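Read-outs: derived from the displayed coordinates by stated rules, not from any lab. No experiment lies behind these values; they were computed from the predicted model shown. Using ideal geometry, Cβ is built from the backbone for each residue, glycine included, and neighbour counts are taken over all protein chains shown.
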């Protein structure tokens, strides 16, 4: 039995559990996003801004995925929303089974939006469906504008791109237009927002759009 | 046969090939570094600065590892040094076998320093020895100061930490002192340089130190 065969079986098994998660979410009319990016792109900061903006109008819960520590869960818990921390102990991505286990530890009655923040890794999490409605990829301007071309898998799988740290453009060698063009070359259907958690640019637009998607799911 | 068993066998096989690579480098008194980081931390920019600084005094060759594209190899080739591009086609790390294959495609006669730039991924490359003398981890200030705690494996395995984009500290929420303290908590033996490829701060110190390590190897 080859490594490739084992890898395929791991992914097939993951897809089965992801389908179970997806049914769980659909039955509860819960909209679920899977936030993915490089380490330090600002996923947690965007999540904080999103909670600040939306928590009075929506019931939100969070699952945090990290290689080590519960630092991100501590940040999120300050907003008074239910949060579960998954520590992968060196694992480079979340799997559907880990999310399924976390669901039972959360108080999810009435939750309308569940945000899963994946491990910071622009490669591996692309291959693991968690049962989410969509992947949201965060790419910060400080990482340069060539990342969609160099890491196409994630941009191909994502539905939304947040071009984050847009306030730092004057100080870094990155053209947001080129970054967006490169991303759309990989995935022409990407919905794109430019955001900054420092100036709050783009946060209302992103949050309003996200809320409209949640409402669509509730009415479906 | 379990996935864990397969994974252990993959790593054992990798370690065998890494030993072959290590003997190859030792016989030629070639000093080899494995540069690792998140996507967009500035590995290629630091490599460009290092080539600019050292190429007149040392024979240097480069192996570039990328998920997709040869954009980095094109940047490096401008410096007139031998460069091989490994495209992993979705793979999240370099393995010793891929490096071994690349060696035969490079003109390495007289090479004193070989730089391997790994795939941008702060998790998976930590587990794969390539036969290098040391891992150099690049962490940029734009990623925040908590990364050593959240991704300890890489900082544990590295010998050198380059705290890069030090010029952007005034604009980001990162304390370089806290970043260094967190890194040293994970690995007290880390040699640390603060660098900027924009202002060139720290580049001479890093390059002088690297050259002294190459010279040590030549005299060994």
Original post:
From the label point of residue B:192, set 7 Å along Cα to the beta carbon, how far off in nm is each other copy's matching point, shortest first?
Top reply: 3.7
**OP:** In Å³ and rounded to a whole number, note down the convex hull volume per residue for the Cα atoms of segment A:97-220.
**Re:** 123 Å³
**OP:** Can you figure out the FRET efficiency of residue B:156 with residue A:201, using R₀ = 51 Å and their beta-carbon distance, to the nearest 0.05?
**Re:** 0.85
Original post:
Can you work out the base-10 log of I(q)/I(0) for chain A at q = 0.08, 0.10 1/Å, using the Debye formula on its C-alpha atoms alone?
Top reply: -0.27, -0.42
Original post:
With a 10 Å Cβ neighbour count serving as the proxy for reagent exposure, in which order, fewest first, do A:53, B:93 appear?
Top reply: A:53, B:93
Subject >> Relative contact order of chain B, pairs being alpha-carbon contacts under 8 Å that are 6 or more residues apart, as % >> reply: 24 percent
Subject >> Separation of alpha-carbon centers, segment A:142-156 and segment A:57-82, rounded to whole Å >> reply: 26 Å
Original post:
What are the nm distances, shortest first, from residue B:107 to its equivalents in the other copies, labels at 7 Å along Cα→Cβ?
Top reply: 7.0
Original post:
Using r as the Cβ-Cβ distance of residue B:23 and residue B:191, and R0 as 30 Å, what FRET efficiency do you calculate, to the nearest 0.05?
Top reply: 0.75
Original post:
Distances from residue A:71 to the same residue in each other copy, label points 7 Å out along Cα→Cβ, in nm, shortest first?
Top reply: 2.7
